[in-house]
Amino acid sequence: MKHLRKMLDSEAPAATLLVRLSVGAVFLSEGLQKFIYPAELGAGRFVKIGIPWPEAMGPFVGVVEIVCGALVLAGLLTRFAAALLVIDMVVALASTKLPILLGRDILGFHVRKLPHYGFLSMAHEARTDWAMLLGALFLVIVGAGRWSVDARLARRRSAP
């Protein structure tokens, strides 16, 4: 029970809500798009990237992004949901941006055709990925903030 309270508790400022809204909305919408546009953003894209088992992984990642995005938006189990999103982004960066950085296929992941490769091209292509990775990591560290279901549950558990 003590571990659950620690996971829910957050001394983060109320402005953490802005990070939660940004991270949650982006992941929720990206997850939905994996089902709405599977050829471009779901399994079809995973085939082009070189993700193993794309027909299973496309929908799986979509569900993770939808569920975790919604949890982050609500501020419910935020640290857990954000941790899963950190993993999601690390895999996304390794599978799509590392080949751009190196300008070649690596670890079974395929480089896509771009006018330029290297650090600046990778940094440009990864700007949203980095923002979402760091936003999710921030939420893992500080929690959901005062205006969240987690904070309400933590207050209720600590009440006499």
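Throughout, read-outs are computed from the coordinates displayed, never taken from laboratory work. Note that the structure is predicted; figures quoted are calculated from it, not measured. For neighbour counting, all protein chains shown are included, and Cβ atoms are generated from backbone atoms with ideal geometry for every residue, glycine included.
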All positions within the range 10-48 that are of a type in the set (S, T, N, Q), in contact with a Leu (Cβ under 9 Å, 6 or more places away or on another chain) and surrounded by fewer than 20 Cβ atoms within 10 Å (Cβ to Cβ): Gln33
Name the single residue, out of those in the range 65-88 being under 9 Å from the mean Cα position of the chain (by Cα) and either farther than 15 Å from Phe138 by Cβ or not small (Gly, Ala, Ser) (or both), that is surrounded by the fewest Cβ atoms within 10 Å (Cβ to Cβ). Ile87
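Residue-wise test of (1) more than 22 Å from the chain's Cα centre (by Cα); (2) of a type outside the set (D, E, K, R); (3) within 30 Å of Arg79 (Cα to Cα).
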position: Arg104; (1), (2), (3): yes, no, no
position: Phe109; (1), (2), (3): no, yes, yes
position: Leu114; (1), (2), (3): yes, yes, no
position: Gly118; (1), (2), (3): yes, yes, no
position: Met122; (1), (2), (3): no, yes, yes
position: Ala126; (1), (2), (3): no, yes, yes
position: Ala131; (1), (2), (3): no, yes, yes
Subset of the range 26-41, residues under 21 Å from Val86 (Cβ atoms) and touching a helix residue (DSSP H, G or I) at 6+ places or on another chain (Cβ under 7 Å), comes to Val26, Phe27, Leu28, Glu30, Gly31, Leu32, Gln33, Lys34, Leu41
When residues of the range 49-91 are filtered for being among the basic types (Lys, Arg) and more than 21 Å from Glu11 (Cα to Cα), how many remain? 0
